[in-house]
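**Q** Take this structure, written in structure tokens, and hold onto it; I'll ask about it next.
The values are calculated or read from the model by the stated rules, or taken from the named source; none is laboratory data. Please read these numbers as outputs of a predicted model, since none were measured by experiment. Every residue, glycine among them, receives a Cβ derived from its backbone with ideal geometry; neighbour counts consider all protein chains shown.
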Amino acid sequence: MAQQPIRFEDGAAYERMMGAWSQLVGQVFLDWLSPGPGQRWIDVGCGNGAFTGQVIQRCAPAEIQGIDPSEAQLAFARTRPGAQGATFLQGNAMALPFDTDRFDAAVMALVIFFVPDPAKGVAEMTRVVRPGGMVAAYVWDALGGGSPTHPIQAELRTLGVTPALPPSVNVSGMEALRGLWIDAGLEEVMSRTITVRRTFTDFEDFWQSTTASTLKPTLAAMDASAVAQLKNQVRARLPADSQGRVSYDAHANAVKGIVPKTA
């Protein structure tokens, strides 16, 4: 079966599927970045504002701009209570609508493997950040089994269904990610893996949450018996604890670097 394209046109569904995972990884990521308050931020590929809100709550930015191609996601972001004070604009990661040296920090949260030309995206982040400022990102290790949807994707493959992957999935590996930062001329490049665990009330909570967004087109193209078989296989893969809860880990690769200071 041909893979269905990944689209993000429902901010609420994305929040249910990925919002909690994003918050878990974002906490560790911001601890690692350890930014000071009062900085000017740009969140490239901000989606529904989950990470933007974390920056506001934890980093007290002087300014934060969120850029995303999906107006539906941005509409959700503008209603997020924790993201009040951010400016959300529709835009392209490969052609950011800002002047050179405009920000102190640029971040991509779970986005870079969706950018058609990741190198251009990193170059644009580098361009809009001042010398001495920071450029950073984290992304699910999609080829290394790190995605929150991996338990379902793995079982889809046993049924002969190829799940959709991000168009630039190859940059999700740590070596490729570091290479993008080094090739962009960034200095003091550092990287790390972030592993987080999420617990669902029961298997149905896991299933409804995890299939609410990106996997929805793939499941819709399958017949009911195949979906039922898939569900049973995933249930066996993720045994519940004595209270019926389902827990598992996901992991992301993270990278950060500094824009070179002028001579």
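**Q** Could you check, for segment 123-132, whether at least one of its residues is touching a Phe, Trp or Tyr at 6+ places or on another chain (Cβ under 6 Å), under 17 Å from Leu180 (Cα atoms) and in contact (Cβ under 8 Å) with a residue 60 or more places away in the chain?
**A** Taking segment 123-132 as the starting set, the residues that turn out to be touching a Phe, Trp or Tyr at 6+ places or on another chain (Cβ under 6 Å) are 128-129.
Subset that is under 17 Å from Leu180 (Cα atoms): 128-129.
When the remaining residues are screened for being in contact (Cβ under 8 Å) with a residue 60 or more places away in the chain, the result is 128-129.
Yes: one or more hits.
**Q** Is it true that Pro166 is loosely packed, with under 14 Cβ neighbours inside 10 Å and either touching a residue at least 12 places away in the same chain (Cβ under 8 Å) or among the small types (Gly, Ala, Ser) (or both)?
**A** Details: loosely packed, with under 14 Cβ neighbours inside 10 Å: no; either touching a residue at least 12 places away in the same chain (Cβ under 8 Å) or among the small types (Gly, Ala, Ser) (or both): yes.
No, not satisfied.
**Q** Follow-up question, since we're still on this one. Would you pick out the residues in segment 147-199 that are closer than 30 Å to Arg235 by Cβ and in a helix (DSSP H, G or I)?
**A** Scanning segment 147-199 gives His150, Pro151, Ile152, Gln153, Ala154, Glu155, Leu156, Arg157, Thr158, Val169, Ser172.
**Q** State which residue pairs qualify: first residue farther than 20 Å from Phe114 by Cα and inside segment 68-81, second residue part of a helix (DSSP H, G or I) and β-branched (Val, Ile, Thr) in any location, beta carbons under 8 Å apart, and separation of 6 or more residues or different chains.
**A** The qualifying pairs are Arg80/Thr52.
**Q** Consider Gly185 carefully, then state whether it is modelled with pLDDT under 95 and of a type in the set (Gly, Ala, Ser).
**A** no
**Q** Oh, and also: Kindly establish whether Ile152 is out of contact with any Pro (no Cβ under 6 Å at 6 or more places or on another chain) and either surrounded by fewer than 21 Cβ atoms within 10 Å (Cβ to Cβ) or among the aromatic types (Phe, Trp, Tyr) (or both).
**A** Considered against the rule, which asks whether it is out of contact with any Pro (no Cβ under 6 Å at 6 or more places or on another chain) and either surrounded by fewer than 21 Cβ atoms within 10 Å (Cβ to Cβ) or among the aromatic types (Phe, Trp, Tyr) (or both), Ile152 comes out as no.
**Q** Are any residues in segment 214-262 over 27 Å from Ile194 (Cα atoms), free of Cβ contacts under 8 Å to residues at least 12 places away in the same chain and in a loop (DSSP other than H, G, I, E, B), and if so, which ones?
**A** Once the filter is applied, which keeps residues that are over 27 Å from Ile194 (Cα atoms), free of Cβ contacts under 8 Å to residues at least 12 places away in the same chain and in a loop (DSSP other than H, G, I, E, B), segment 214-262 yields Asp223, Ser242, Gln243.
**Q** Considering each of Phe88, Phe76 in turn, give the residue that is within 22 Å of Ala20 (Cα to Cα) and at pLDDT 95 or above.
**A** Values: Phe76 fails: at pLDDT 95 or above.
Of the residues listed, the single one that is within 22 Å of Ala20 (Cα to Cα) and at pLDDT 95 or above is Phe88.
**Q** Same structure again: Can you name the residue in segment 92-113 that is among the aliphatic types (A, V, I, L, M) and not in a loop (DSSP other than H, G, I, E, B) and is also nearest to Ala250 (Cα to Cα) among such residues? Break it down stepwise before answering.
**A** Quick first cut of segment 92-113, residues among the aliphatic types (A, V, I, L, M) only: 93-96, 105-112.
Cutting the leftovers down to not in a loop (DSSP other than H, G, I, E, B) gives us 95, 105-109, 112.
Values: Ala95: 31, Ala105: 26, Ala106: 24, Val107: 20, Met108: 18, Ala109: 15, Ile112: 17 Å.
Only one residue fits best here, namely Ala109.
**Q** Is it true that some residue in segment 232-239 is touching a strand residue (DSSP E or B) at 6+ places or on another chain (Cβ under 8 Å) and surrounded by 13 or more Cβ atoms within 10 Å (Cβ to Cβ)?
**A** Looking for residues that are touching a strand residue (DSSP E or B) at 6+ places or on another chain (Cβ under 8 Å) and surrounded by 13 or more Cβ atoms within 10 Å (Cβ to Cβ), one finds at least one in segment 232-239, hence yes.
**Q** Hey, another quick one. If a residue counts only when it is touching a Cys at 6+ places or on another chain (Cβ under 7 Å) and surrounded by fewer than 24 Cβ atoms within 10 Å (Cβ to Cβ), which helices (runs of 4 or more DSSP H) contained entirely in segment 20-91 have at least 3 such residues?
**A** Helices (runs of 4 or more DSSP H) meeting the threshold: none at all.
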